[in-house]
Each structure stands twice: as C-alpha cells, then as structure tokens.
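Report on the structure given below.
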Amino acid sequence: MFERLRRRRLDGELSDDALRRAALAGSGEAMAALYRRHGGLVYRFTLQMSRNAEVAEEITQEVFLALLTQIDRFDPARGTLSTWLCGIARRQLWKYLERNESAALDFDEDTAAELPCPADGPAELLLRREAVAAVRAGMDELPPLLREVVILCALEEMTYEQAAHVLAVPVGTVRSRLHRAKARLAGLLRGEMADTERKRR
Amino acid sequence: MTTDRELDEILAEIVREHRAIGAPGRLEPLLCAAAASKTNAARTPRFRLTWAAVVILLAAAAAVIWQTRSRHQPQNQQARSVPVPRVRPEPTLPSAPVAERQSVRSPSVASISAPVRRAAADRARHPDSSPQQAASNSLDEFVPLPVSEGLPPAVELSVVRIELRGSDLQQYGLQAPADSVARAMLAEFVVGEDGLPRAIRIVR
C-alpha cells in the first residue's frame, strides 16, 4: 500500500523538474515516474511514425537514456520536458527514416499543397469503419513531414507552439503543414466515400 | 465542409485508439537500472580514490606495526627464551684458598655444574635483565659488576671461584655489609675471554 502511495505521489505530485533531478541523482523510481508520465507520448509518436513497434521501443529507450546523459541541453524556458523528449525522438526517428524510407522523405512542401485529391466531389460516408481505416491508411501514406504534424497536433492534441518546439520549426510552418495534411486526408476520405457510394449503386 | 467535419470526427475516433497505446512496461526496469548505474558510474572514481586512500593507509599502518614488532621481537624473544634460573649456592664445592684473583682461572671451572655456568653466562651477557636483583644487596645470585659497565659483550665466559674478604668487594664497585667487611667469603666471578670480571655471586 505504501509503495502504491509513494508511486502515486511520484507520478502525480512531483514536477518534471523535481523528478528529473531525482533521476539524475540516481533515483530509479523517479526515472520510472518520468517514463510513466512521458513514455506513452514518445512511444506513440515513434510508433505512428515508424510503423514498427520494435523500432519505436528502441527509440523510446534511447530517448529516456538521453534524459540521463544530455539533460544539460534541456532548457525549461524554451519548452516542456515532454516536447524536449519528443524532439529527441524525432531526431532519432529521422535517422531511422533516412536509412529505411529515403524515397518517402523526398517531399516537396511547395507542391504538396497542389496535389490533386484522388476523388473530388461530394461523397457520403456509408461505412464509418471503412472511413476510419481509410483515414488511417491515408495517414500512413502521408509524407513524414506532414504525418508528424498530424500525430502531434491531431492525435496528441499538442498546441502549435508545442509542436513547433518538437519539430524545431516556426509555428506558421506547423499550421500550414497541418492544413495540407488535413486537406490530403480529406481528399482521401472523399475518394473513399465516392467509392463506397459507387459500390452501393 | 462536411468532409472536414467528418474528418475531424474520424480523427477523434483515431485519437481514442491512439491514446490507448501505452509505453511498453518492460522498459521501465531497464531505465531504473540505467539511472542507478549511471549514478554509480559517476560515483565510481570518487569511491575508487577513497578506497585506494583507505587501503594505502591500512598498508602503511600495517608496515609500521610490523617493523616495530620485528624490531622488538628479538629482544623479547631473548628475554623470554632465556629465563634467568635461580641458582642455589653449592655448599659441597671445595674451598681452595686463592691468593691472586687473576690467577685463579679455573681448575674449578670444570667442576662447576652446567646450569650454574649457563646462568652466569646469561647474567653476564645481559647484566640488566634483572635490575631488581641488582638493585637489591643480595648476592646469592649473580649480580653484574658495576665496573663491568661499558665492556664489550663477552662471547666466551668462565666462572672463577675465589675466596676474598668483604672489603675486597669495594674495588668491584660493590658495598659489603658492615658485619662482613673483615670476613672471608667464597665468591664466584663470571669472567670474559678478556679476563675481566662481569658478574659476581657470593657462594658462602
């Protein structure tokens, strides 16, 4: 019971800064509390981006080890610990993507907005399930630069400022990338709805 | 606009599924261990220095103790291994009147028993091994002669029995009791190979 109370106190009451200092002083419990607090975000982000659970786990581990070794690079004035951790995860991810998805990284932001939608025209969502699957597939097909914005802003519900801190880009860039990503997903969704309508007829 | 709204709804649904994904639990103990080991690694040099200093100090203390003991050990061992035997007077020895002390070299030496000779030799080699006895005026046992102080230690010793008067003890640095100044007495001298006396005892 005391263990549970102590764990609850570590998880809930202590600030990131206090936990970080305790972890640096050798407290494994503080490290575990930090992991429970931020590990999910880092893991989900890396999993969605890499689509590989093993890679996501490995990167997550490296990110938290970096917390012990590179903590002097963290500046609380510039952002929160979670966004700093996500930024490290992103750098690790991009190294992985550069090795494995070099073709997918050839993404031109200027032309991305002008890509035609697969199915232009009004459509009606018939099967919700299919639509969700279509959007999910559409997210996977998004270029990494757009996909990461969708994951951070739409799925993790970060603010533009937080996402900008993670991605190390201006807030305006985050906003425009998210707009483009959503436009593409909407286009995919419209195409899916059109196909479904066609099948029904 | 309808599609955008529907997209938001679908994204909200995906968010629910997405948020259900948690960090793998098996990383938690690994990270705990990493935090602890990193701290240990950071502390290791300091601990190593501390332990090295402790070991050096202990080794130095042990060396000093060992040297001190080895310096004292021979003396102690000698003192222990050569106990001074209490030599009883030998009343059965014949008393031969001797005129000149220096000439009384030993027809009688051979007749003296071995323990007596050993005791005499030991006492002569270590004249200060029983200062209490030397301090007392009892001459029942061998007492180092004050005149023998400063002489080199004798290697070969012999015991010479001499008849003398109490007043003769003064020339050896000893004070005879007043009642025995004029009395003749039989004494044994421990004499070194240089012919100089080292110790004396009164036989009767």
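The values are calculated or read from the model by the stated rules, or taken from the named source; none is laboratory data. Keep in mind that this is a model prediction, so the values were computed, not measured. Note: ideal-geometry Cβ built from the backbone for every residue, glycine included; neighbour counts use all protein chains shown.
Here is a check on your reading of the model: is A:LEU41 among the aliphatic types (A, V, I, L, M) and under 21 Å from B:ALA33 (Cα atoms)? Can you show your working first?
Details: among the aliphatic types (A, V, I, L, M): yes; under 21 Å from B:ALA33 (Cα atoms): no.
For A:LEU41, the condition - among the aliphatic types (A, V, I, L, M) and under 21 Å from B:ALA33 (Cα atoms) - is not met.
On the given criteria, is A:ALA163 closer than 22 Å to A:LEU81 by Cα and surrounded by 22 or more Cβ atoms within 10 Å (Cβ to Cβ)? Steps first, answer last, please.
Details: closer than 22 Å to A:LEU81 by Cα: yes; surrounded by 22 or more Cβ atoms within 10 Å (Cβ to Cβ): yes.
Yes; evaluated as a whole, the condition is true for this residue.
Take A:LEU155 and tell me if it is touching a helix residue (DSSP H, G or I) at 6+ places or on another chain (Cβ under 7 Å), at pLDDT 85 or above and facing chain B (nearest Cβ under 10 Å).
Working: touching a helix residue (DSSP H, G or I) at 6+ places or on another chain (Cβ under 7 Å): yes; at pLDDT 85 or above: yes; facing chain B (nearest Cβ under 10 Å): yes.
The answer is yes for A:LEU155.
Based on this model, can you work out whether A:GLY79 counts as part of a loop (DSSP other than H, G, I, E, B), modelled with pLDDT under 90, within 12 Å of chain B (Cβ to nearest Cβ) and surrounded by 16 or more Cβ atoms within 10 Å (Cβ to Cβ)?
Against the criterion (part of a loop (DSSP other than H, G, I, E, B), modelled with pLDDT under 90, within 12 Å of chain B (Cβ to nearest Cβ) and surrounded by 16 or more Cβ atoms within 10 Å (Cβ to Cβ)), A:GLY79 does not qualify.
Can you tell me which residue in the range A:12-26 is farthest from the other protein chains (Cβ to nearest Cβ), limited to those that are farther than 13 Å from A:LEU67 by Cα and part of a loop (DSSP other than H, G, I, E, B)? Spell out how you get there, then give the answer.
Narrowing the range A:12-26 to residues farther than 13 Å from A:LEU67 by Cα: A:12-15, A:18.
Retained after the next criterion (residues that are part of a loop (DSSP other than H, G, I, E, B)): A:13-15.
On the way: A:GLU13: 19, A:LEU14: 15, A:SER15: 17 Å.
Of everything passing the filter in the range A:12-26, A:GLU13 is farthest from the other protein chains (Cβ to nearest Cβ).
Report, by residue number, each residue of the range A:59-70 that is over 21 Å from the mean Cα position of the chain (by Cα) and either charged (D, E, K, R) or within 11 Å of chain B (Cβ to nearest Cβ) (or both).
Just the residues of the range A:59-70 that are over 21 Å from the mean Cα position of the chain (by Cα), to begin with: A:68-70.
A:LEU68, A:THR69, listed by residue number.
Between a residue in the range A:127-150 that is more than 16 Å from B:ARG16 (Cα to Cα) and buried (at least 19 other Cβ atoms within 10 Å of the Cβ) and any residue that is modelled with pLDDT of 90 or more and among the β-branched types (Val, Ile, Thr), which pairs come within a Cβ distance under 7 Å, given they are 6 or more apart or on different chains?
Close Cβ pairs satisfying both conditions: A:LEU142/A:VAL150; A:VAL149/A:VAL174.
So which strands (runs of 3 or more DSSP E) are wholly in the range B:135-204 and hold at least 1 residues that are basic (Lys, Arg)? Write out each step before concluding.
Details: elements: B:157-165, B:184-192, B:197-202.
Where strands (runs of 3 or more DSSP E) fall fully within the range B:135-204 and carry at least 1 residues being basic (Lys, Arg), they are B:157-165, B:197-202.
How many residues does the range A:167-196 hold that are of a type outside the set (A, V, I, L, M) and either assigned by TED's automatic domain parsing to the domain that holds A:CYS86 or not in a helix (DSSP H, G or I) (or both)?
1
Considering only the range A:29-46, I want to know if a residue exists there that is surrounded by 13 or more Cβ atoms within 10 Å (Cβ to Cβ), over 23 Å from the mean Cα position of the chain (by Cα) and at pLDDT below 90. Outline the logic, then answer.
To start, the set of residues in the range A:29-46 that are surrounded by 13 or more Cβ atoms within 10 Å (Cβ to Cβ) comprises A:29-46.
After this cut, where a residue has to be over 23 Å from the mean Cα position of the chain (by Cα) as well, the list is A:29-30.
Checking which are at pLDDT below 90 leaves us with A:29-30.
There is at least one residue in the range A:29-46 that is surrounded by 13 or more Cβ atoms within 10 Å (Cβ to Cβ), over 23 Å from the mean Cα position of the chain (by Cα) and at pLDDT below 90.
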